[in-house]
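This structure is in structure tokens; I'll ask about it shortly.
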Amino acid sequence: MKSYSDLRQSYTDNAIFNEVGSIISRYEHESYNSYITTNFEDALVQAKESDTRIANGTARALEGMIIGVKDNISTKGIKTTAASKILENFTPVYDATVVQRLKDAGGIIIGKANLDEFAMGSSNETSYFGPVKNPYDIERVPGGSSGGSAAAVAAKFCHTSLGSDTGGSVRQPAAFTNTYGFKPTYGRISRYGLFAFASSLDHIGTFSTTLEDAALLYDVISGNDPMDATASSETNPSLVEALKTSPTSMVIGELPDAILKDCDSEILERYQEYKQRFIDLGATFKTVTIPHDNAWIPTYYILTSAEASSNLSRYDGVRFGLRSELTNDVIDYVTASRTEGFGKEVKRRIMLGTYVLSSGYYDAYYKKAQQARRIILNSYKEIFSTVDAVFLPTTATPPFKIGEKTNDPISMYLSDYFTASSPLAGNPSISFPAGFTKSGLPIGLQLQTSHFREDLLFQLCAKIR
Ligand code: GLN
């Protein structure tokens, strides 16, 4: 399967219809459990229409792009579960803004991608519908929480996919599957129709096999939206256009050795190679510090759990989702619905979040974490007044084995080490494929720029990919 940009360049008759057909037959053979719900029949109909439009010259911006959508993004008439038992049979009556924009531009939704339950996880193992297998090694995880979106692109079950990134859930799985994972500035892409996990950190992002596809997709789905009060109205330069020019300045920030040294040695080697490549192209490097690196993860987990405990209170068994049969009284009923409906990790987050928000602990945890978040944001702002971008690994390790970390939540949480600070600050970041370890496991490296500088992010990434 070609990337979408290549396919469109050398289009032959009925290419889209044939592509969907080939996906369907390959998917039946080995799915990696990447989609919770497939939309194959509809996709075939859409593909026919796209082929006709391409042939008669009425193609729209994304005509025939085959897209997987993470199953925490609302799709009208297609089941959307957030990989939770509590929403097992939930079919939304409206499309998320991103979905509406994709459809209007001729994108074809082929399936709803598997994820960690309510996007809480780093391995896709907390899904009620079972883990996703990494197409590069089926004994390993594809990362999470957007594991299905990543695996689907890697396995060529779609050209591109949508994911969500609250602490790394687009970039970390991209690094684990040899794909591009892009999370723009907070507010660039409307969250209307994204099932809220931690609203002040939730970002919709994209997976693709090329930077060009990511740019095309971004140009269509980004931009202000009256349905999301936090959507930004800043001018939004086209990334397709941005890719036509080179960056004018390349001062790159890198984290101190002390922080990088804990990385897997093969990832570190690859990082150094790319750094050298940057230097050969004329870049200069500067060491930058985002202070309190040991506080990034606790800050992230305190704030996201606090927000999640509030956001998830809407799943009460009354308005939608699972309804318990136990109906002694209303309190019992809500408790029973939530006890049966939520998985272990989601319950852990709700309990943690409720705890850090409770009186007596609020100041010690929630307020402290808010202050730490402000320090992280301010230091990012300071850093970007002296460098154009920060260059760092996406993950400290290659993809790990399914089951390896399930009994050790802390070690699972630490896999967000290099990704959690960017959603806390809200600046754009991208993980790009940077080859493989000796045993054939994907490696991803990460670039970050200042708020609203996606154009520079893409130009720098294009330079060294
Ligand atoms: N792994 C992180 C978590 O478990 C990130 C999840 C995400 O970005 N949605 O919360």
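The values are calculated or read from the model by the stated rules, or taken from the named source; none is laboratory data. Note that this is a predicted model, so its numbers are computed, not measured. Note that we place each Cβ from the backbone using ideal geometry, even for glycine, and neighbour counts take in every protein chain shown.
Just need a number here: residues in region 352-374 that are over 17 Å from Trp296 (Cα atoms) and free of Cβ contacts under 8 Å to residues at least 12 places away in the same chain.
So the answer is 7.
Moving on to the next point. Filtering region 155-171 down to residues that are near the ligand (Cβ under 8 Å from one of its atoms) and in a loop (DSSP other than H, G, I, E, B), which residue is farthest from Glu345 (Cα to Cα)?
Val170
Looking only at region 201-217, decide whether some residue is over 20 Å from Thr395 (Cβ atoms), touching a Gly at 6+ places or on another chain (Cβ under 9 Å) and away from the ligand (no atom under 16 Å from the Cβ).
yes
Let me ask something else. With the requirement that a residue be of a type in the set (A, V, I, L, M) and within 22 Å of Gly147 (Cβ to Cβ), what does region 69-107 give you?
Once the filter is applied, which keeps residues that are of a type in the set (A, V, I, L, M) and within 22 Å of Gly147 (Cβ to Cβ), region 69-107 yields Val69, Ile73, Ile78, Ala82, Ala83, Ile86, Leu87, Ala96, Val98, Val99, Leu102.
In region 132-154, how many are in a loop (DSSP other than H, G, I, E, B), in contact (Cβ under 8 Å) with a residue 60 or more places away in the chain and crowded, with 24+ Cβ neighbours inside 10 Å?
5
Now, a different point. Given the structure, is Ile443 in a helix (DSSP H, G or I) and either touching an Asp or Glu at 6+ places or on another chain (Cβ under 6 Å) or not aromatic (Phe, Trp, Tyr) (or both)?
no
So how many residues does region 259-274 have that are farther than 11 Å from Ala434 by Cα and in contact with a helix residue (DSSP H, G or I) (Cβ under 9 Å, 6 or more places away or on another chain)?
Residues meeting the conditions: 5.
Within the bounds of region 80-90, is there any residue that is surrounded by fewer than 22 Cβ atoms within 10 Å (Cβ to Cβ) and over 30 Å from Lys401 (Cα atoms)?
Yes, some residue in region 80-90 is surrounded by fewer than 22 Cβ atoms within 10 Å (Cβ to Cβ) and over 30 Å from Lys401 (Cα atoms).
Does Gly205 satisfy the condition of being among the small types (Gly, Ala, Ser) and either assigned to a strand (DSSP E or B) or at pLDDT below 95 (or both)?
Values: among the small types (Gly, Ala, Ser): yes; either assigned to a strand (DSSP E or B) or at pLDDT below 95 (or both): yes.
Spelling it out, Gly205 is indeed among the small types (Gly, Ala, Ser) and either assigned to a strand (DSSP E or B) or at pLDDT below 95 (or both).
Quick check: is even one residue across region 355-372 modelled with pLDDT of 95 or more, under 26 Å from Phe278 (Cα atoms), among the β-branched types (Val, Ile, Thr) and within 16 Å of the ligand (Cβ to nearest atom)?
No, every residue in region 355-372 fails to be modelled with pLDDT of 95 or more, under 26 Å from Phe278 (Cα atoms), among the β-branched types (Val, Ile, Thr) and within 16 Å of the ligand (Cβ to nearest atom).
In addition: Quick one: Thr52 ticks every box in (1) part of a helix (DSSP H, G or I); (2) modelled with pLDDT of 95 or more; (3) surrounded by 16 or more Cβ atoms within 10 Å (Cβ to Cβ) except a single one, so which number is it?
(3)
Output the residues belonging to region 97-134 that are of a type in the set (Gly, Ala, Ser) and more than 16 Å from the ligand (Cβ to nearest atom).
Selection gives Ala105, Gly106, Gly107, Gly111, Gly130.
Considering only region 231-323, give the helices (runs of 4 or more DSSP H) lying wholly within it that have at least 2 residues that are more than 24 Å from the chain's Cα centre (by Cα) and either more than 16 Å from the ligand (Cβ to nearest atom) or exposed (fewer than 13 other Cβ atoms within 10 Å of the Cβ) (or both). Don't jump to the end; show me each part of the working.
Details: elements: 239-242, 257-260, 265-280, 296-311.
Qualifying helices (runs of 4 or more DSSP H): 257-260, 265-280.
Going by the structure shown, is Ser74 under 29 Å from Met120 (Cβ atoms), surrounded by 17 or more Cβ atoms within 10 Å (Cβ to Cβ) and modelled with pLDDT of 95 or more?
yes
Which one of these is in contact (Cβ under 8 Å) with a residue 60 or more places away in the chain, surrounded by fewer than 16 Cβ atoms within 10 Å (Cβ to Cβ) and closer than 21 Å to Leu162 by Cα: Tyr94, Tyr32, Tyr27?
Answer to the check: Tyr94.
Oh, and also: I need a count of the residues in region 172-202 that are part of a loop (DSSP other than H, G, I, E, B) and not hydroxyl-bearing (Ser, Thr, Tyr).
Result for region 172-202: 12.
Okay, moving on. Go through region 327-346 and give me each residue that's surrounded by 14 or more Cβ atoms within 10 Å (Cβ to Cβ) and either within 16 Å of the ligand (Cβ to nearest atom) or outside any helix (DSSP H, G or I) (or both).
Phe342, Gly343, Glu345, Val346, listed by residue number.
Conditions first: (1) in contact with a Leu (Cβ under 9 Å, 6 or more places away or on another chain); (2) hydrophobic (A, V, I, L, M, F, W, C); (3) within 15 Å of the ligand (Cβ to nearest atom); (4) not in a loop (DSSP other than H, G, I, E, B). Ile410 passes all but one, so which condition is the exception?
Going through (1) in contact with a Leu (Cβ under 9 Å, 6 or more places away or on another chain); (2) hydrophobic (A, V, I, L, M, F, W, C); (3) within 15 Å of the ligand (Cβ to nearest atom); (4) not in a loop (DSSP other than H, G, I, E, B) one by one, Ile410 breaks only (1).
Kindly evaluate Arg26 against the criterion of being under 23 Å from Asn224 (Cα atoms) and basic (Lys, Arg). Walk me through it before giving the result.
Details: under 23 Å from Asn224 (Cα atoms): no; basic (Lys, Arg): yes.
It is false that Arg26 is under 23 Å from Asn224 (Cα atoms) and basic (Lys, Arg).
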